[in-house]
1. Need one number: nm distance between label points at His69 and Ser21, each 7 Å from Cα along Cα→Cβ, rounded to one decimal.
2. Give me the lysines in straight-line cross-link reach of Lys19: C-alpha distance below 17 Å, same-chain residues under 8 apart excluded.
Amino acid sequence: MTEQRRHNRIVLDRAISIKLSSGQLIHARLVNLSTSGVGVLYPAPAEIGSTLGLHFQLPGEGGSLVTIHCTGTVCHTYVHGQDFFSGFKFAQIREEDLNVIKEFIHRKRPVINNQVVIR
């Protein structure tokens with residue numbers, strides 16, 4: 001099976017907070033990012049179709065950190081080692097935050113084989 005991606009995805013390792021519908025905040029790892037969503041290593045399986053709050057930081061213009069606040073809908077989840085990998089598609093994101101993501105991805109080019117590793 002060949003996977004088709006609409007948006008270039010970069011691989012990274014950053015902290016992300018996920019706000020559950022109960023209000024509980026879960027700390028996880030952001031492991032990939034595109035302009036359409038994120039991939040997260042998460043301590044529990046996320047329910048496919050659920051929409052959760054996502055909060056993470058990226059360097060903005062000039063290097064200062066910008067906190068991205070958005071919601072994402074779980075598209076898929078699977079076991080990954082002792083954690084679960086969950087793919088989220090952005091459901092709501094402010095235009096300013098999306099622009100920070102676009103600029104961050106653009107600064108990390110060139111994209112090779114549709115992925116760039118960012119540490």
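1. Modelled inter-label distance: 2.2 nm.
2. Partners found: Lys89.
Computed from the coordinates by the stated procedures, all read-outs in this text should not be read as laboratory data. Just so we're clear, the structure is a prediction, and the values are computed from it rather than from any experiment. Because the Cβ atoms are built from the backbone with ideal geometry, glycine has one as well, and the counts that use them run over all protein chains shown.
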